[in-house]
Amino acid sequence: MVKVTGSTGKAINVHMLGVGEVMRRMRLAKKEIESGADLGVVKACAFIEEEVKESIIGNRAERKSVDTGEFANSIEFTKTGKAKGVVAPKKKSYPNSNQTTLDIALLMEKGTSKIAPRRHFGNTEKRNKAKVKQIIQKEIEGGLI
Amino acid sequence: MTVTEINSSTVTTDLIILIRDKLLGNITDPISRASNEKFVMTSYPKNAVTYPIITVTDTGSTQEGKLGMGSQGTIMRLGVEIRVWARNVKERDTIFDEVYDYLRTNQLEGDDLTAANLHDFTMNSVVNVPEKDIQSKVGEFTWLYLCI
């Protein structure tokens with residue numbers, strides 16, 4: 001309740017109704033948005049993981065990078081925090097070689113003086129930027145309705 | 001072909017040629033070359049070359065938005081990869097530093113790249129790719145361009 005002086009000089013009492021309810025609903029909405037974003041990022045990362053794998057095995061515009069299949073199989077999504085995730089190759093060593101899947105990922109992505117870059121990660125990101133936003137947005141909106 | 005500014009109908013080709021020419025004119029080539037050899041190229045070399053070299057290639061573009069409901073103008077984010085290929089790490093880093101310094105100091109009104117309609121210079125990533133005989137550094141840059 002707030003006391004305000006009226007134009008005639010008398011005090012007027014102003015009652016604000018429903019403040020507590022609005023605060024409660026806003027806190028609830030914040031929780032819904034946060035959990036929606038978290039779920040959205042998980043779904044988006046799973047989608048990107050599949051897209052990178054498809055790119056590596058030759059089902060997208062880039063030239064395929066398959067020899068033993070180890071590189072494509074090593075791509076995985078790791079949740080790194082609330083609404084945060086990373087899609088990257090898991091470090092695995094190749095038998096009879098001192099190279100790892102991380103070395104191969106760098107050489108395939110950026111290319112070398114002998115191999116043209118294949119940009120499995122970079123091109124996947126560019127192709128799916130809008131789709132990723134859409135997936136996360138859908139989860140946030142779903143939680144609020 | 002000399003490109004002095006980026007045009008809406010020829011964005012990609014203009015961008016690559018413009019950056020190549022600017023680097024050619026502003027980055028010091030550490031060796032003297034035969035007239036048929038180039039220091040800055042617009043694609044990865046397919047034949048034998050004399051290192052060090054710089055390659056300027058397109059990494060793709062994205063449309064950030066439109067310039068209003070009744071407009072056909074768009075806001076484009078143009079991606080360019082500038083890669084320094086050198087004989088050793090020191091040479092690679094020295095040339096790359098010179099490239100970055102040139103790009104960084106050309107962002108304001110009246111500067112080369114801003115006058116060519118390239119704005120909001122951003123360096124997204126820099127990665128080293130070591131090979132047995134060649135050391136390369138891959139920088140990915142973007143600029144904002146109003147396509148009107």
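Every number here is computed from the coordinates shown, using simple stated rules; none is lab data. Small disclaimer: the values here were computed from a predicted structure and weren't measured. Here the Cβ positions follow ideal geometry from the backbone for every residue, glycine too, while neighbour counts run over all protein chains shown.
Inter-chain neighbour count for A:118-129: the average number of beta-carbon atoms from partner chains within 10 Å of each residue's beta-carbon is 2. The modelled label-to-label distance between B:S8 and A:T78, using points 7 Å beyond Cα along the C-beta direction, is 4.6 nm. Among residues other than A:K53 with Cβ under 13 Å from its Cβ, the summed charge is -4 (Lys and Arg +1, Asp and Glu -1).
Using every pair of distinct Cα positions in the protein assembly as shown, the Kirkwood expression returns a hydrodynamic radius of 22.9 angstrom. So, R0 is 41 Å and r is the distance between the beta-carbons of A:A88 and B:S35; what FRET efficiency does that work out to, to 0.05? Rounded to the nearest 0.05, the efficiency is 0.35.
Find how much the distance from A:K129 to A:E50 grows on full extension, using 0.36 nm per residue of separation minus their present alpha carbon separation; answer in nm with one decimal.
Values: separation 79, 0.36 × 79 = 28.44 nm, distance 1.44 nm.
Taking 0.36 nm per residue and subtracting the Cα distance, the gain is 27.0 nm.
Legend: distances between Cα atoms for A:K84/A:K133; A:K91/B:K132; A:K84/B:K66; A:K129/B:K137; pairs beyond 18 Å are A:K91/B:K132; A:K84/B:K66; A:K129/B:K137. Neighbour counts of other Cβ atoms within 10 Å put A:D67, B:D14, B:D112 in the fewest-to-most order A:D67, B:D112, B:D14. Here's the list of lysines a cross-link from A:K92 could span, going by alpha-carbon distance under 21 Å and ignoring same-chain residues fewer than 8 apart: A:K53, A:K64, A:K79, A:K110. Computed about the Cα centre, the dipole magnitude for segment B:15-148 is approximately 360 debye when only Lys and Arg (+1) and Asp and Glu (-1) carry charge, each at its Cβ.
Candidate cross-link partners of A:K131 among the aspartates and glutamates, defined by an alpha-carbon separation under 18 Å and a same-chain spacing of 8 or more, comprise A:D38, A:E49, A:E50, A:E51, A:E54, A:E139, A:E141, B:E64.
The aspartates and glutamates whose alpha-carbon is closer than 19 Å to the alpha-carbon of B:K90, local same-chain residues fewer than 8 away aside, are B:D29, B:E98, B:D101, B:E131, B:D133. Each Lys and Arg contributes +1 and each Asp and Glu -1, all at the Cβ; summed about the Cα centre of chain A, the dipole is approximately 500 debye.
Computed from label points 7 Å out along Cα-Cβ, the spacing between B:D120 and B:S43 is 3.1 nm.
Here the spin labels are modelled as points 7 Å beyond Cα on the Cα-Cβ line, and at B:D93 and B:K132 they lie 2.5 nm apart.
Of the trypsin sites (Lys or Arg not before Pro) found in segment A:47-144, those in coil by DSSP whose Cβ has at most 10 other Cβ atoms within 10 Å are A:K82, A:K114.
With the helix formula -39500 (n - 2.57) applied to DSSP H stretches of n ≥ 4, chain B reaches a computed 222 nm mean residue ellipticity of -7500 deg cm²/dmol.
Among the trypsin sites (Lys or Arg not before Pro) found in segment B:82-148, those both in a DSSP coil and sparsely packed, with 14 or fewer other Cβ atoms within 10 Å of their Cβ, are B:K132.
If r is the Cβ-Cβ distance from A:V66 to B:M1 and R0 is 35 Å, what FRET efficiency results, to the nearest 0.05? With a Förster radius of 35 Å, E is 0.30. The residues packed around A:K31, meaning those with a beta-carbon under 13 Å from its beta-carbon, carry a net charge of +2 if Lys and Arg are +1 and Asp and Glu are -1. Dividing the mean sequence gap of close Cα pairs (under 8 Å, 6+ apart) by how many residues segment A:24-145 holds gives a relative contact order of 34 percent. In chain B, the sites counted are GluC sites (Glu not before Pro) in DSSP loop states with at most 16 other Cβ atoms within 10 Å, and the longest stretch holding none of them, exclusive of the sites, is B:38-108. Look at the dipole of segment B:8-147 built from charges on Cβ: of B:C147, B:V99, B:P30, the Cα furthest out on the positive end belongs to B:P30.
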